[in-house]
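This report concerns only the one structure given below.
Each value in this text was obtained by applying a stated rule to the coordinates, not by laboratory testing. Keep in mind that this is a model prediction, so the values were computed, not measured. Here the Cβ is made from the backbone with ideal geometry for all residues, glycine too, and neighbour counts use every protein chain on show.
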Amino acid sequence: MIYVDNAATTRLDPAALDAMLPYLSEGYGNPSSLHTLGQNAAGALAQARRHMADLLNCAPEELVFTSGGTESDNHAIFEAARAGAKAGKRHLVTTKIEHHAVLRPMERLEEEGFTVTYVPVSATGLVDPQDVEDAIQDDTCLVSIMTANNEVGTIEPIADIGEICRDHGVLFHTDAVQAVGHCPLDLHALPIDLLSLSAHKFNGPKGTGALYMRDGAALDGHILGGGQERGKRAGTENVPGIVGMVKALERRLIALDETTTQLQAYQKTMYDMAATIPHCKVNGDFDHRLPGNVHFSFAGISGEALLVLLDSQGICASVGSACEAGSVDPSHVLLALGLDTRTAMGSLRLTFSHENTQAEADTLAYAVPRAVEKLRSTSPVWRQMEEGALPYGI
Ligand code: PLP
C-alpha cells in the first residue's frame, strides 16, 4: 500500500504510542484526583504542557488542550464573537478557503446576526494582506485566516496579516492544523493571538489538539463543566493523547529540515510527472506551499473515479471535493481559486509524509498518468473535449 493521504490523517508515531501506553494502562489516574495515581497523571500533563510550550515557543499557560482542530476552531470563533458582541463588535473576517471547522461556525454566527467578510484569494490560493486590512471595520472582533490550506497546501502570509490585526487592535486567529509539525512556527515571534492545532496531522493520536491563546488574548471557556484547563476547557483531560501528541510534535520538529528536503524531492517528482500529462494543472502556490502537498486537476475525468482506480492499485489518495448527503460537490476551495466546476471535479490530492519513499513517489509517477489515460479512454467528456465540442478548461 502507498499512503499519500497525510493531510487527512497520519499514522501514529510508534514513539508517541510508547509514550502513551503507561497512561492507557497502569497510569490511568484522573489528573484532578488528589491521590498519588491522580497526581502522577497531573505531573505528566504539566510536563507535556511545558514541553509543548517549549516546542512552540510560548508559555505553558497559553495552551489549552482540546479534542482537536475542530474544537479549537469552534472555541476561538464562538468565544471571540461572544466577547466581541459584549463590546458591540459583531463583524468577523475570514476567507472562502477555510476548513469547514471555521466556515460552519462563521455561518452560524451570520444566522445569529453577526456579519462576516470573506476576503478573496488569488488563483493560487493566496490571501493578500491588503485585502484583510481593507476588510477590517471599527466593529471587527476577529480575523480568522488559516496558516496552510488542507487541500492545495498554500501557506498564507500570516505574519503580515497578524501585524495588520495588531495595528488595528483586532484579535487574530489562525487554523494551523495543517502547518504545525510541518513548517517552522514561533509563537513568540509571530503576531498571532489564537492558534488551532491537531495531533493526528503530525503523527500524534486522533481526538487530541490544542488552542493557543496568547497571554492577554485569553478567551472564556467554550466547553463548560469542571475547572480543568484553568476553566478554559472542561472535561477530564486526555492524558495519554496529550502525552502522545507532544512526543509526536517533538519528533516532527527535530526532523523538520530533513523532512522538508525529503518531501520537496517527492513534490518535484510529482511536478515533473504533471508536466508529461496533457491538460493537467497543478493547483496551489509553488513558492508558498506545504512540502508534502501536491494537488492536480485533470481535464475530462472524475477525481472520484481516479481515486477508486488508484485505490484498486493500493494507492490511498484523496480528491479535492467534499461528499455531503450522498452528493459529490466540487470543492469550495477550488471554486474560490477560480476553477470551473468540471475542472474542480477532476482533482486529485497527494499528501506525502516522512514515511513515504522516493520509490513510492516513482511508482506514483508511473501509475497516475496511466490511470488518467485509462479513464480518459472511456470518458465521454474527454471525447467531447478532443472533438472540440467542449473546452478542456485547462
Ligand atoms: N482545520 C484544518 C485545516 C484541517 O485540515 C482539519 C482536518 O482535516 C481540521 C481543521 C479539523 O481537525 P480535527 O480533525 O482535529 O478536528
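Among beta bridges from DSSP that stay inside the chain, the antiparallel ones total about 60%. The local environment of Arg349, defined by Cβ-Cβ distances under 11 Å, has a net charge of -2 under the rule Lys, Arg +1 and Asp, Glu -1. Note on Asn57/Ser32: beta-carbon distance plugged into 1/(1 + (r/R0)^6) with R0 of 30 Å gives a FRET efficiency of 0.55. Measuring between alpha carbons in the structure, the pairs from Lys201/Lys247; Lys201/Lys232; Lys86/Lys232; Lys281/Lys374 lying more than 21 angstrom apart are Lys201/Lys232.
Taking 7 Å steps out from each Cα toward its Cβ at Glu373 and Glu112 produces label points 5.5 nm apart. Post the alpha-carbon centroid distance, the range 101-165 to the range 242-309, in whole angstrom. Distance between centres, Cα-based: 24 Å. For the chain, the relative contact order comes to 20 percent (Cα pairs under 8 Å, sequence separation of at least 6). Each peptide among 195-208, 346-359 gets the average number of other Cβ atoms lying within 10 Å of its residues, and from highest to lowest they stand as 195-208, 346-359.
What you get for the range 40-140, charging only the Cβ of Lys and Arg (+1) and of Asp and Glu (-1), is a dipole of about 380 debye around the Cα centre. Taken one residue at a time, the phi angles of the range 60-67 give Karplus couplings (6.51, -1.76, 1.60, θ = phi - 60°) of x, 5, 7, 9, 10, 7, 10, 8 Hz. Gly and Pro are set to x. Each other residue within a Cβ distance under 13 Å of Ile277 adds +1 if Lys or Arg and -1 if Asp or Glu, for a net charge of +2. In the chain, the inverse of the mean reciprocal separation of distinct Cα atoms equals 22.0 Å; this is its Kirkwood hydrodynamic radius.
Rounded to the nearest 5, what is the percent of antiparallel bridges among the DSSP beta bridges in the range 118-263? Beta bridges within the range 118-263, antiparallel portion: roughly 50 percent.
Each listed q (0.21 Å⁻¹) maps to a log10 I(q)/I(0) for the range 101-252, found by the Debye formula over equal Cα scatterers with no solvent: -1.52. Summing Cβ point charges (Lys, Arg +1; Asp, Glu -1) relative to the Cα centre of the chain gives a dipole of roughly 760 debye.
Using the Cβ-Cβ distance between Leu390 and Ile254 with R0 set to 41 Å, the FRET efficiency works out to roughly 0.20. Among 256-262, 74-80, the peptide with the highest mean count of other Cβ atoms within 10 Å heads the list, and the full ranking is 74-80, 256-262. Ranked by the mean number of other Cβ atoms within 10 Å per residue, highest first, peptides 220-232, 155-167 order as 155-167, 220-232.
With a cut-off of 11 Å between beta carbons, the residues surrounding Val121 carry a summed charge of -4, where Lys and Arg count +1 and Asp and Glu -1. Sort out for me the Cα centre separation of the range 15-49 from the range 170-237, rounded to whole Å. Going from one Cα centre to the other spans 21 Å.
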